[in-house]
Amino acid sequence: MVNLDEAGVLPRAANFVIEDGRVHLRASRCPSCGAALYPPREICPADGTDSLEDILLANGGTVYTFTVARQSTPEFRTPYVLVYVDFPENVRVLLPYDGSEPPAIGAKVEIVMADGPRLENDELVSMPHAK
């Protein structure tokens with residue numbers, strides 16, 4: 001699996017961190033209106049504030065809804081499940097689901113690293129998933 005750069009470090013642009021073995025998505029919070037934003041942004045779309053705080057989302061949340069993708073690009077094996085997860089920080093994120101059957105709406109999920117797309121050299125990319 002590919003998830004580290006050649007120096008053994010996660011890419012700087014990655015929108016997640018792994019702390020104590022738990023995956024947390026990076027996000028932004030507007031100090032003016034309190035909106036949590038994923039992916040991280042430089043400007044709040046609600047009020048235009050341009051000094052947003054970097055935050056880490058909780059390691060999991062609640063399934064809002066899901067869909068099963070049956071067609072995709074060659075890099076992704078089908079079918080696969082995508083879920084919208086509501087996080088405690090009041091932000092909803094679309095993530096791939098790491099499971100063979102779709103989760104129940106309202107189910108609690110955690111964020112884990114799992115296989116994502118295949119690169120041209122046939123290596124797998126590891127990326128955050130709900131599980």
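The values are calculated or read from the model by the stated rules, or taken from the named source; none is laboratory data. No experiment lies behind these values; they were computed from the predicted model shown. Neighbour counts run over all protein chains shown; Cβ positions are idealised from the backbone, glycine included.
For the reader, a short list of remarks on this structure follows.
- Of all residues in the range 94-116 being touching a Pro at 6+ places or on another chain (Cβ under 9 Å) and of a type in the set (Val, Ile, Thr), the one that is farthest from Gly61 (Cα to Cα): Val112
- Residue-level check: of (1) outside any strand (DSSP E or B); (2) aliphatic (A, V, I, L, M); (3) in contact with a Ser or Thr (Cβ under 7 Å, 6 or more places away or on another chain), Leu82 misses just (1).
- Residue within the range 50-59 that is out of contact with any Phe, Trp or Tyr (no Cβ under 9 Å at 6 or more places or on another chain), farther than 21 Å from Glu110 by Cα and modelled with pLDDT of 95 or more present: yes
- Within the range 33-79, being touching a residue at least 12 places away in the same chain (Cβ under 8 Å), surrounded by fewer than 18 Cβ atoms within 10 Å (Cβ to Cβ), of a type in the set (A, V, I, L, M, F, W, C) and in a loop (DSSP other than H, G, I, E, B) holds for Cys33, Ala46, Ala58, Phe76.
- Among residues of the range 103-131, those that are in a loop (DSSP other than H, G, I, E, B) and within 13 Å of Arg77 (Cβ to Cβ), counted: 1
- Total residues in the range 42-64, condition more than 16 Å from Phe16 (Cβ to Cβ) and under 15 Å from the mean Cα position of the chain (by Cα): 3
- Here is the figure for the range 102-131: residues that are free of Cβ contacts under 8 Å to residues at least 12 places away in the same chain and either among the polar types (S, T, N, Q) or at negative phi (or both) total 2.
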